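Since every read-out is calculated from the coordinates, none of them should be taken as a lab result. None of these values were measured; they are calculated from a predicted model. Don't worry about glycine lacking a Cβ; one is built from the backbone with ideal geometry, like all the others, and counts go over all protein chains shown.
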Amino acid sequence: MRIKDAVASLQLGKKKQTQVHELCTIWSSPGKDGPDAVPLAEYPRPQLRRGDWQCLNGWWKYAFRAAGEPMDEADGKILVPFSPETVRSGVGRTLQPGEALWYRRTIDLPDFSEGKRLILHFGAVDERCIVWWNGCKLGSHRNGYISFSFDVTEYARQGINFLQVCVRDDTDRGTACRGKQTLQPGGMYYHAQSGIWQTVWLEEVPLYYLDDLKVTPLPEEKAVELSLSFRGRTERESREDNGGGNAETIGDTETAENAEAIGDTEAAGDTEIIGSNKGSGKEKVKITVGLLSAGTGMEMSAESCEKSYVFNRKDRMKVRIPVYDPQLWSPENPVLYGLRIEAGEDLVESYFAMRSFGVGTDEEGRPCLLLNGSPYFFHGVLDQGYWPESLMTAPSDEALVFDITQMKGLGFNMLRKHVKIESERWYWHCDRIGMVVWQDMVNGGGPVHKLLETYLPTAIPTLGRHLRDDRHYGVLSRQDAGARRRFETDLLRMIRQLYNHPCIGMWVPFNEGWGQFDSLRITELIRKADSTRLADHASGWFDQGGGDVRSVHNYFRTLTVEPDSRAFVISEYGGASCTISGHSMCEEIYGYQTVEKDAFTEDFRKRMEQIRILSKEGLAGAVYTQVSDIEEETNGLLTYDRKVRKVKV
């Protein structure tokens with residue numbers, strides 16, 4: 001064990017963080033954001049795509065006020081979707097507990113008509129907010145990482161409309177999900193941010209439209225299961241069409257007698273409809289499946305042999321469609337299938353992949369992880385998704401792609417998205433590029449006991465092996481029963497929001513004990529919500545013996561495989577600190593071992609070789625720390641500004 005490095009990681013006598021350089025990536029530059037700037041203007045939701053939409057990113061008016069005070073006059077302009085704490089926002093001020101951050105802008109709707117519905121979408125607003133349209137309160141939302149929307153149809157009017165948002169955020173002074181945000185940054189904890197930090201957009205839909213789509217690939221059955229939910233009709237119309245208000249249930253299976261195959265397809269009898277789907281036959285849903293063309297778009301390949309099926313439409317329906325001779329998705333072959341769904345006036349495009357994740361045994365009879373039914377070694381990188389000029393918001397869509405492709409170019413096949421939920425486009429890029437994701441839930445609860453939960457267990461991991469997380473709520477800052485309930489609700493919302501993305505292979509509800517509680521029960525909730533993926537119930541320490549993997553963080557001891565009935569993964573290792581002159585933000589540095597620039601590549605090569613050897617001895621997966629430097633942390637494979645890759649290959 002490297003005792004000197006372990007003691008240094010405790011940061012005893014640590015002083016306040018001192019910023020010495022204002023860094024910026026190549027995707028931002030002074031003067032780039034003119035008066036008409038619309039950053040991150042790409043379609044924000046590739047999993048449910050329509051043609052009629054309007055990006056609302058750009059310059060909004062803002063104001064900081066004491067909580068409870070109205071906005072009245074603006075303080076200035078802010079570039080949405082960048083938080084006010086960021087350089088890119090044009091503001092540079094931190095929202096404090098007890099304050100409110102107000103946003104206001106106008107929206108011109110010259111062609112708005114009564115024959116459509118208008119949906120207002122927010123990618124993420126940190127942490128809680130209230131939204132008004134033309135002075136009418138639409139509603140409120142809580143959780144700074146989950147997307148949400150409002151139907152503004154009855155409040156919208158042709159011409160100029162007014163949108164207003166009021167935000168509050170307690171960061172680490174409260175119990176909400178916050179990840180590594182803190183009002184006192186330093187070490188492995190970063191600057192807090194608040195407000196709108198993902199894309200805001202308007203979507204025009206028909207009066208009756210597809211509101212939700214859940215896609216479950218079934219590669220062993222050579223099929224894909226789709227759950228569709230439509231909205232827009234009155235309750236009376238729905239009852240009449242269903243033959244009774246309680247006639248519809250989802251879960252029973254029946255043959256596809258009501259399905260009509262059209263085009264170059266096999267018999268419709270090979271398609272199953274699940275649930276009560278017998279209707280009058282007046283309204284139909286047409287679903288088309290075909291391989292997507294390689295690249296960045298969502299067009300189906302001309303050689304994909306598209307197959308279409310027609311079903312009787314119901315408000316809620318579940319159908320199973322065959323996928324003949326399926327091509328299986330993997331990092332080595334990230335093939336995607338396109339979906340086109342037509343229902344009345346609504347046309348939606350989506351995609352899916354045929355793949356499966358599981359646990360099993362290798363040739364030696366040792367527990368291992370599976371991809372598509374075969375043993376697969378998952379070697380990933382800890383990805384926290386921070387940027388010097390924009391914190392959790394990527395400066396551009398190209399920046400998202402850059403990090404993924406850089407890590408894949410270094411030989412990694414997985415990213416562990418660490419205590420953060422990314423924008424939908426990040427997952428889309430992982431889907432199409434071929435990068436498995438182990439997805440953390442964002443931690444919350446009371447103040448983290450950093451010495452007990454983070455620094456000491458890093459050096460002495462046995463400290464966490466005997467603590468029961470279903471009894472000692474106070475030790476891990478989970479005394480608040482209401483906050484525990486909100487965490488469970490938000491965990492399930494995250495799973496539902498990201499469910500359709502093929503890249504996600506594992507859910508990680510807790511990391512290093514931060515706000516951990518009832519992890520065995522929480523794991524069962526995860527499995528009930530999603531039986532198609534794995535669960536790492538407690539990454540790092542405070543292991544309760546549950547989940548699909550034994551998950552260990554090891555920065556200071558010799559890397560070994562510890563025998564367990566579960567697959568064994570080293571879910572964090574490495575963390576070698578290497579400072580590159582002119583590319584570090586802070587005077588202080590944080591890491592788990594200092595390595596000079598000229599020696600970094602060789603140090604990295606030795607670690608990769610060590611992991612390769614352990615993979616032959618029963619190691620099922622490993623996660624290197626980390627993608628990039630962040631503030632004081634200089635243990636990235638890339639510098640914080642992404643201008644230098646430290647590994648020379």
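Let me make sure I get this right: for segment 496-589, a, b and c are the square roots of the gyration tensor eigenvalues over alpha carbons, sorted descending. Under 1.5 in a/c it's rounded, otherwise prolate if a/b > b/c, else oblate. Which is it? Write out the running numbers ahead of the final one.
Values: a/c = 2.22, a/b = 1.57, b/c = 1.42.
Verdict is prolate for segment 496-589.
In nm, give the distance between the simple-model label positions of residue 154 and residue 452, each being 7 Å from the Cα along the Cα-to-Cβ direction.
Taking the simple label geometry, residue 154 and residue 452 are separated by 4.9 nm.
Could the peptides 93-99, 462-468 be put in order, highest first, of the mean number of other beta-carbon atoms found within 10 Å of their residues?
Ranking the peptides 93-99, 462-468 by packing returns 93-99, 462-468.
Based on DSSP, what percent of beta bridges with both residues in the chain are antiparallel, to the nearest 5? Present the calculation step by step, with values, prior to reporting the outcome.
Values: 108 of 146 bridges.
If we restrict to bridges inside the chain, about 75 percent are antiparallel.
Hey, if you put +1 on the Cβ of every Lys and Arg and -1 on every Asp and Glu Cβ in segment 392-475, which of 442, 421, 406 ends up farthest toward the positive end of that dipole?
Checking the options against the dipole of segment 392-475, the answer is 442.
Using a cut-off of under 15 Å, list every residue of segment 616-648 whose amide N is near the label point 7 Å from the Cα of residue 587 along the Cα-to-beta-carbon line.
Hits in segment 616-648 for residue 587 at 15 Å: 632.
Take every Cα pair under 8 Å in segment 460-607 that's 6+ residues apart, average their separations, divide by the length, and report that relative contact order as a whole percent. The partial results should precede the final answer.
Numbers: 201 pairs, mean separation 25.7, N = 148.
Relative contact order comes out at 17 percent.
Given a Förster distance of 35 Å, report the FRET efficiency between residue 479 and residue 332 from their Cβ-Cβ distance, rounded to the nearest 0.05.
E between residue 479 and residue 332, to the nearest 0.05, is 0.15.
For labels at residue 299 and residue 601 in the simple 7 Å Cα→Cβ model, what's the distance in nm?
The answer from the label model is 4.0 nm.
Report the Cys residues of the chain lacking a disulfide-compatible partner, meaning no second Cys Cβ under 4.7 Å from their Cβ.
24, 55, 129, 136, 166, 177, 305, 368, 578, 586
Work out how much length residue 433 to residue 229 would gain on full extension: take 0.36 nm times their residue separation and subtract the Cα-Cα distance, in nm to one decimal.
Stretched out fully, the residue 433 to residue 229 stretch lengthens by 70.5 nm.
As an exercise, identify the trypsin sites (Lys or Arg not before Pro) in segment 554-633 lying in DSSP coil whose Cβ has no more than 11 other Cβ atoms within 10 Å.
Numbers: sites: 557, 566, 597, 605, 606, 607, 612, 616; in loops: 557, 566, 616.
Within segment 554-633, the qualifying trypsin sites (Lys or Arg not before Pro) (loop, at most 11 other Cβ atoms within 10 Å) are 616.
Given the Cα-Cα distance of residue 111 and residue 520 and 0.36 nm per residue of separation, how much length would full extension add, in nm?
On the way: separation 409, 0.36 × 409 = 147.24 nm, distance 5.29 nm.
Value of the extension gain: 142.0 nm.
Starting from the Cα gyration tensor of segment 339-490, take the square roots of the eigenvalues, sort them a ≥ b ≥ c, and report rounded, prolate or oblate (rounded when a/c is under 1.5, otherwise prolate if a/b is larger than b/c, else oblate).
prolate
Between residue 132 and residue 306, what length comes free when the chain is fully extended (0.36 nm per residue of separation minus the Cα-Cα distance, one decimal in nm)?
Working it through step by step, the gained length comes to 58.3 nm.
Mind ordering 569-575, 171-177 by average Cβ neighbours within 10 Å, highest first?
The densest-packed peptide leads the list: 569-575, 171-177.
Taking 41 Å as R0, compute the FRET efficiency from the Cβ-Cβ separation of residue 52 and residue 21 and round it to 0.05.
The pair residue 52/residue 21 has a calculated efficiency of 0.40.
Between 378, 492, 591, whose Cα lies farthest towards the positive end of the dipole of the chain when Lys and Arg beta carbons carry +1 and Asp and Glu beta carbons carry -1, centred on the Cα centre?
Positive-end residue among those listed: 591.
Indicate the gyration tensor shape class of the chain (rounded, prolate or oblate), computed on the Cα atoms with a ≥ b ≥ c the square roots of the eigenvalues: a/c under 1.5 is rounded; otherwise a/b larger than b/c is prolate and the rest oblate.
Taking the square roots of the gyration eigenvalues as a ≥ b ≥ c, the chain is oblate.
Near residue 457, within a Cβ-to-Cβ distance under 14 Å, what is the net charge of the other residues, with Lys and Arg +1 and Asp and Glu -1?
Its environment carries a net charge of -2.
So for the pair residue 496, residue 32, with labels modelled 7 Å out along Cα→Cβ, what separation do we get in nm?
3.6
Could the peptides 211-222, 332-343 be put in order, highest first, of the mean number of other beta-carbon atoms found within 10 Å of their residues?
So the peptides 211-222, 332-343, ranked by packing, come out 332-343, 211-222.
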